[in-house]
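Asks: My questions all concern the structure below.
The values are calculated or read from the model by the stated rules, or taken from the named source; none is laboratory data. Predicted model only: the values in this text are computed from it and were never measured. Here the Cβ is made from the backbone with ideal geometry for all residues, glycine too, and neighbour counts use every protein chain on show. Surface accessibility is based on the protein's heavy atoms, side chains included, excluding ligands, DNA and RNA. Shrake-Rupley method; radii C 1.70, N 1.55, O 1.52, S 1.80 Å.
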Amino acid sequence: MIHHHVRHAFSICLLVLSCSSWAWCPANAAEEAIKKTPIDRLNELGYGTVSGKLQLLTMGRGGNLRSPDIDEDAYSSSLAFSLNYKTPTYQGVSLGAQFIHAWDLGEGGTIDIEEGPAWFLSNSGFTLLNDAHIDYNFTHLGLAKTLLRVGRIPLNLDFAPSYAIRQKEQAYEAVTLSSQDIPGVDLSLGHIERYSSWSSRTRTDSNVITYEFIDVADTENVPYSTSGMQFASIAYNGLPHTSLTVYDFFGQDLYNTAGFKAAYTIGSGDSFQTILKAGYSNQRDVGCFSSDGGGEVESDVYDLSIQFKIGDFSLEPGFFGVAGDEAKNNYHVPFRTNFTVDPLMMWYPRVFGGGSDSFYLKSTYKWRNTSFYMLYVLTKTAEFIDHGSLDQEIDLVVGQKLWTHWSVAIKGAYGVRDVGIGSDWHESDLRLFIAYNF
């Protein structure tokens, strides 16, 4: 059960901290903090920049994992080593890469599937060159903030975010052009051919949430290939207290996703601030997707919120709605999104279902080296989803910076689904992250 996961997580935490405490006793903490590491000395040689991370993730999940009539649990631990390297720039050209290797440290639980609990939790071992790109900077043309990038690339756009929720961030095999040379304008455009998700799962016939790089068309399990997805995103911050973003992602023989978001800030500095936010996005099927792929797509989503900020504390109530009441109105998220309701730990509320209305409350706070995060979402689904269901999830995160390179985070979640007809669902999730960054 889930209390076993708690004991398992914290025993590993105490082990790691005790193993590292010899170098970080109070008497020498200040002295050690000012000393250069071997990585610092290596980077000073001028052969490029090296950085990386060693991260332990142990997690457990319990409840109705696959069926509302059966209680199961699963837990697993992994240790991932990430190494990043960026070359010096020569004639505007530079190279970058990231290598990741994750080890299985153990798994268990009552869940009985062929792939195992670690695979089920997306916390298994893998090896991947997650990033391998070449950059060209247009400085010689007077465009010092314009960059052409080709290869395996991490992105952080509204419809293609980084989404690092396990041991890797999402990555894209793409060609991108980004520029900030026009005052107040942040422009990104390009082409995405293949994609690697946040998960550590190997691919199966029915699973496309995988660390392996797959074609964009495969994210929808269609029986044909396409020429990928082209995108453009423009953010404008030239108006006082206002930010605007418009974007479009065109997936050949899939669907076109267009949207905008706006924010207006009342107040400034450390005083009380009120930020009014609004967002809209629509999707329509393209080419043969409606006839030979996933069917007709006719989706419109709305996101409205008001954020209150004072110092390092923020509170943001909001509403997220999907128009319609049919499956064709579902909003597709092959790469996830940057909507506030998206990064739920278990995705228990079906916020992207056609006709779903969601109310959410997000809060963040930072006190010294400790950060707090909370997200609560309540979703009322349309009748075609479980005859109308009331879905809820609450996520709580506490992060702590321990020393110069060490940090720890504890994440917990609980979700319920009160379905219109049939048995209700419930599930809980607990995760422990311990990271050493260099």
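Asks: Report the calculated FRET efficiency for residue 110 and residue 164 (r = Cβ-Cβ distance, R0 = 35 Å), to the nearest 0.05.
Replies: Values: r = 29 Å, r/R0 = 0.84.
Plugging the Cβ-Cβ distance into 1/(1 + (r/R0)^6) gives 0.75.
Asks: Quick one: compute the contact order of the chain, relative version, from alpha carbon pairs under 8 angstrom and 6+ residues apart, as a percent. Don't jump to the answer; show the numbers that get you there.
Replies: Details: 1167 pairs, mean separation 49.4, N = 438.
Rounded, it is 11 percent for the chain.
Asks: Of all alpha-carbon pairs in segment 31-156, indicate the percentage at a distance above 25 angstrom. Display every interim value, and only then the final one.
Replies: Working: 3953 of 7875 pairs.
Cα-Cα pairs of segment 31-156 separated by over 25 Å account for 50 percent.
Asks: When you count, for each residue, the other Cβ atoms within 10 Å and take the mean per peptide, how do 219-225, 209-215 rank with the highest first?
Replies: 209-215, 219-225
Asks: Let me ask you something else. Report the label-to-label distance for residue 202 and residue 426 in nanometres (one decimal), using points 7 Å from each Cα along the Cα→Cβ vector.
Replies: Taking the two extended label points, one gets 3.6 nm.
Asks: Whole Å is fine, so just give me how far the alpha carbon centre of segment 287-322 lies from that of segment 217-276.
Replies: If you average the Cα positions of each part, the centres end up 11 Å apart.
Asks: Rg and Dmax of segment 364-407 over Cα atoms: what are they, in angstrom?
Replies: In Å, with Rg to one decimal and Dmax whole: 17.4, 52.
Asks: Follow-up. Could you give the length gained on full extension between residue 239 and residue 69, defined as 0.36 nm per residue of separation minus the Cα-Cα distance, in nm? Intermediate values should be presented prior to the final figure.
Replies: Details: separation 170, 0.36 × 170 = 61.20 nm, distance 5.45 nm.
So the extension gain works out to 55.7 nm.
Asks: A further question follows. So for each of 194-201, 232-239, 326-333 I average, over its residues, the number of other beta carbons within 10 Å; can you give me the resulting order with the highest mean first? Intermediate results must be reported in sequence, preceding the final value.
Replies: Numbers: 194-201: 22.9, 232-239: 15.5, 326-333: 18.8.
Per-residue mean Cβ counts within 10 Å order the peptides as 194-201, 326-333, 232-239.
Asks: Out of every Cα pair in the chain, what percent are spaced more than 38 Å from each other?
Replies: 25
Asks: In nm, to one decimal, how far is the modelled label at residue 266 from the one at residue 43, with both set 7 Å along Cα→Cβ?
Replies: 4.3
Asks: Moving on to the next point. Taking 25 °C and 0.890 mPa s as the conditions, I'd like the Stokes-Einstein D for segment 293-412 in µm²/s, using the Kirkwood hydrodynamic radius from alpha carbon pairs.
Replies: Values: Rh = 15.8 Å.
Approximately 156 µm²/s, per Stokes-Einstein.
Asks: Now, a different point. Using a Debye calculation, one point per C-alpha and no hydration shell, please list log10 I(q)/I(0) for segment 263-353 at q = 0.11, 0.14, 0.26 Å⁻¹ in order.
Replies: Reported log10 I(q)/I(0), two decimals: -0.43, -0.63, -1.30.
Asks: Largest first, how would 300, 357, 395 line up by accessible area (1.4 Å probe)?
Replies: Numbers: 300 25, 357 65, 395 5 Å².
Reading off the accessible areas and sorting them downward yields 357, 300, 395.
Asks: Give the calculated FRET efficiency between residue 313 and residue 402 to the nearest 0.05, with a Förster radius of 22 Å applied to their Cβ-Cβ distance. Don't skip to the end; give the middle numbers.
Replies: Working: r = 23 Å, r/R0 = 1.04.
Rounded to the nearest 0.05, the efficiency is 0.45.
Asks: Sorted from largest to smallest, which semi-axis lengths in Å does the alpha carbon gyration tensor of segment 107-206 give for its equivalent ellipsoid, taking the root of 5 times each eigenvalue?
Replies: 37, 12, 10
Asks: Assuming R0 = 35 Å, can you tell me the calculated FRET efficiency for the pair residue 185 and residue 366, based on Cβ-Cβ distance, to the nearest 0.05? If you can, show how the numbers build up before the last one.
Replies: Values: r = 30 Å, r/R0 = 0.86.
E(calc), rounded to 0.05, equals 0.70.
Asks: Write down the Kirkwood hydrodynamic radius of segment 151-248, to one decimal in angstroms, obtained as one divided by the mean of 1/r over all alpha carbon pairs. The partial results should precede the final answer.
Replies: Numbers: mean 1/r = 0.0678 Å⁻¹.
Computed over Cα pairs of segment 151-248, the Kirkwood hydrodynamic radius comes out at 14.7 Å.
Asks: Extension gain residue 143-residue 51, at 0.36 nm per residue separation less the Cα-Cα distance, in nm?
Replies: Numbers: separation 92, 0.36 × 92 = 33.12 nm, distance 2.76 nm.
Here the answer is 30.4 nm.
Asks: Under 15 Å from the 7 Å Cα→Cβ point of residue 224, by amide nitrogen: which residues of segment 266-292?
Replies: 285-292
Asks: Residue 274 to residue 209: extension gain in nm, 0.36 nm per residue of separation minus the Cα-Cα distance? Could you put the intermediate results ahead of the total?
Replies: Numbers: separation 65, 0.36 × 65 = 23.40 nm, distance 3.75 nm.
Here the segment from residue 274 to residue 209 would lengthen by 19.6 nm.
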